Amino acid sequence: MSRPDSGPGRLAVIDAEADVRPSVEGARARRALIAHPVLLLVGIVLASVNMRAALASMSPLVTQVGAQFGLSQTANSLLTSVPVLFLGLGALVAPWLGRRLGSEVVLFGALLLLAGGILVRVLPSVGALYGGSLLIGTAIALLNVLMPGLIKRDFPDRAASMTSVYTGAMIAGATVAAAASVPLEKAFGGSWEASLAFWSLLAVVAAVAWLPQVLIARGRTGHEVRTAVVPPGKSVWRSALAWQVTLFMGLQSLWSYVLIAWMPTIFSDHGMSRSSAGVVFAFNNLIQVAGAFVVPVLAGRMRSQRPLIVLVTGMVAAGYVGLIIAPVTGAWVWAAVLGVGQGGAVGLALTLIVLRSGDAVTAARLSGMAQTVGYLLAAVGPFAAGAVYEATGSWTVPLSLVVGVCVVALGVGLMAARDQKV
């Protein structure tokens, strides 16, 4: 079940063990784990670095991968759409696994699954290519859902600062993977397989770092002990405001995952070298930190977040228009404008979940709804962009359609930003 941090401006997160009361042995094991904060911090940082690296490493190489297997652009788009699809499905499954097995065990298993999925993805068959992508998506979904809740559980008095560490590590992993993919390919003699497989080592290292936490927490036997059941309240699925928040979450995720899937390809199709395209894409990932940190703080100080909705959607729309008009000559500018807009939008979307909720129970339900539906909607973006590009032979139409998505996001976002409660 989801449970948000209390207080305006903080992220709404899914706490996989929100309805679990630890036993005496479990509480003792938890104290032992917290007594090793450096060990726990290293595990969190290394796990977080892996949460986007496998996706970002594929983007600069997707054209080479598709060419080797004779895939269409539409088929190529599934390599990034499938993992995003499982981010939504994971929001439903991961909390159940966390309650049954414990977050430490599930996170450790997710890192091993991620390493295995990365290796399966580079096997010489189309089935393995997509099967590995499915495994990667499942693993990232587990990490994506369980990590924020674990941070909230183990660092209740430092949840905001630890969330910054976790978010920064996640973005750093994506940035490094995006920048290094093509150089690694060249270093391995032109082998995109070796370049992609390299990132399995990062997942293995993170799993090894996480293993001590699994062993320390093995005495925690309280997973079958539940707290009192929360009485049913108003269904968020019947609330217009909840749907507005959810749609804004989904639409801003859609425009971001289109860029994750296709930004390097857009640049290289217009004459930029693949190495340069990967570096610009990495810069776009890095600059997102600015928006992700600043916008939620501002949002928490406002009664209505409508000015911020206009700001972030306007920046993203402007960046996409720039990609249409002058993709190469203005590449660094558009990457910066898009990055700040993307980071600000995701931070604002998560903050709206808290601000539009009247109580913790509502926030928990709204968080689950927004993240599940939002990621399922986002999975359509890369696939649709690839299909439209293949049909038209140009990036103008698919990018123009995303500008239209920005307009729709502006409309629902302005309604979601009203000073009301679900």
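The values are calculated or read from the model by the stated rules, or taken from the named source; none is laboratory data. Values in this document were obtained by computation on a predicted structure and should not be read as measured data. For neighbour counting, all protein chains shown are included, and Cβ atoms are generated from backbone atoms with ideal geometry for every residue, glycine included. Side chains are part of the model used for accessible areas, which takes the heavy atoms of the whole protein and leaves out ligands, DNA and RNA. Shrake-Rupley method; radii C 1.70, N 1.55, O 1.52, S 1.80 Å.
Note on GLU193: accessible area approximately 50 square angstrom, rounded to 10, probe 1.4 Å, nucleic acids and ligands left out. Stretching the chain fully between ALA290 and TRP237 yields a gain of 15.8 nm (0.36 nm per residue, less the alpha carbon separation). For the stretch 296-365, the share of accessible area belonging to carbon and sulfur comes to 72 percent (1.4 Å probe, ligands and nucleic acids excluded). A 1.4 Å probe over all protein chains sorts THR63, THR362 by accessible area into THR63, THR362, starting with the largest.
Of the residues ILE353, ILE324, ILE171, ranked by 1.4 Å probe accessible area with the largest first, the sequence reads ILE324, ILE171, ILE353.
Solvent-accessible area of PHE283, all protein chains in place: 60 Å² (probe radius 1.4 Å, heavy atoms, ligands and nucleic acids excluded). For ALA128 and VAL93, the FRET efficiency from 1/(1 + (r/R0)^6), where r spans their Cβ atoms and R0 equals 35 Å, is about 0.90. Karplus-based coupling profile of the stretch 291-300, in residue order and whole Hz: x, 5, 8, 7, 4, x, 5, 5, 4, x, with θ = phi - 60° in 6.51 cos²θ - 1.76 cosθ + 1.60 and x standing for Gly or Pro. SER239 exposes around 10 Å² of accessible area when a 1.4 Å probe is run over every protein chain in place.
The label point for SER400 and the one for MET302, both projected 7 Å from the Cα toward the Cβ, are 3.1 nm apart.
Of the residues THR313, THR396, the one with the largest accessible area comes first in the ranking THR396, THR313, computed with a 1.4 Å probe on protein heavy atoms. Judged by the gyration tensor of its Cα atoms, with axes a ≥ b ≥ c, the stretch 231-377 is prolate; a/c meets the 1.5 cut and a/b is the larger of a/b and b/c. Taking all protein chains into account, the per residue accessible area for the stretch 74-213 stands at 33 Å² (1.4 Å probe).
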